[in-house]
């Protein structure tokens with residue numbers, strides 16, 4: 001298994017290596033973009049092997065001491081450290097931390113903006129005056145079906161992220177994605193200062209969107225995936241149609257967790273969706289009018305996404 005790269009018809013790059021699957025977009029002067037792409041590829045080639053070397057520690061519950069060597073592994077640990085009072089491993093921030101490592105290659109003169117999308121967890125670089133528009137798809141099934149058909153995604157909400165905002169990372173978690181969740185949220189999209197922080201926080205908030213209901217099916221994670229960092233912890237595999245009040249209660253529990261993280265300065269905003277109901281911390285830059293969005297990354301064979309650029 002070796003790292004692979006390809007140029008897409010619209011000018012974006014596709015880097016892949018085992019479970020890591022990146023779509024990279026950059027705007028700016030051509031020479032600067034080429035230099036940044038070369039730097040990003042050089043960094044990407046060794047990234048997976050570095051993580052594999054420390055995998056046992058990365059799959060272990062977070063402790064008070066950071067016994068990790070690689071820059072990405074250390075970033076994963078740091079992003080998860082604020083949540084160490086509950087069960088969490090550094091793997092909760094792996095996708096965002098990888099995206100953040102690569103986006104650093106684009107923070108250079110004559111690049112206006114850039115994005116690195118790692119399976120739906122997105123790191124951004126924004127120079128002064130630049131911005132991205134992010135579409136939030138709250139209906140995961142509809143979005144996945146349309147993306148599989150090559151159709152435009154049905155963005156229900158729009159966020160404009162400009163350089164003046166304290167946001168450089170976007171991540172989504174929920175029981176219907178490729179990662180496991182303890183809660184029942186279809187999706188929780190978090191905006192934070194970095195992709196690593198957003199990734200860890202999205203995991204924690206999605207776990208908090210929950211209620212007790214015997215009809216919700218949960219299975220020990222180890223029965224679904226070998227060598228999972230969650231071990232025998234039950235994860236959600238099916239959620240029946242719930243009445244409005246129970247969905248509302250579950251979302252309120254998640255929103256309370258999100259508000260606590262916002263007060264601690266760990267996140268900027270969170271958008272929580274479950275069975276047609278949506279809640280968010282604030283509406284700064286948020287629009288409910290669906291507009292066309294530019295897709296920057298999809299790998300429908302692996303993932304379901306709720307945030308697109």
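What the table below lists for this structure:
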{"item": "Relative contact order computed over the chain (Cα-Cα under 8 Å; 6+ residues apart), in percent", "result": "18"}
{"item": "Whole-Å semi-axes of the ellipsoid equivalent to the stretch 122-218 (Cα gyration tensor, √5λ, descending)", "result": "26, 18, 10"}
{"item": "Once the Cα gyration tensor of the stretch 4-301 is diagonalised, semi-axes √(5λ) in Å", "result": "29, 23, 18"}
{"item": "Estimated distance in nm for a label pair at residue 108 and residue 43, the labels positioned 7 Å out from Cα along Cα-to-Cβ", "result": "1.1"}
{"item": "Cα→Cβ-extended label distance, 7 Å offset, between residue 32 and residue 238, nm", "result": "5.3"}
{"item": "The chain - mean residue ellipticity at 222 nm from DSSP helices (-39,500 (n - 2.57) per run, n ≥ 4, rounded to 500)", "result": "-9000 deg cm²/dmol"}
{"item": "Binned Cα-Cα distance frequencies in the stretch 218-259 - 10 Å width, integer %", "result": "26, 31, 36, 8"}
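No value in this document is a laboratory result; all are computed from the given coordinates. Please read these numbers as outputs of a predicted model, since none were measured by experiment. Backbone-built Cβ (ideal geometry, glycine too); neighbour counts: all protein chains shown.
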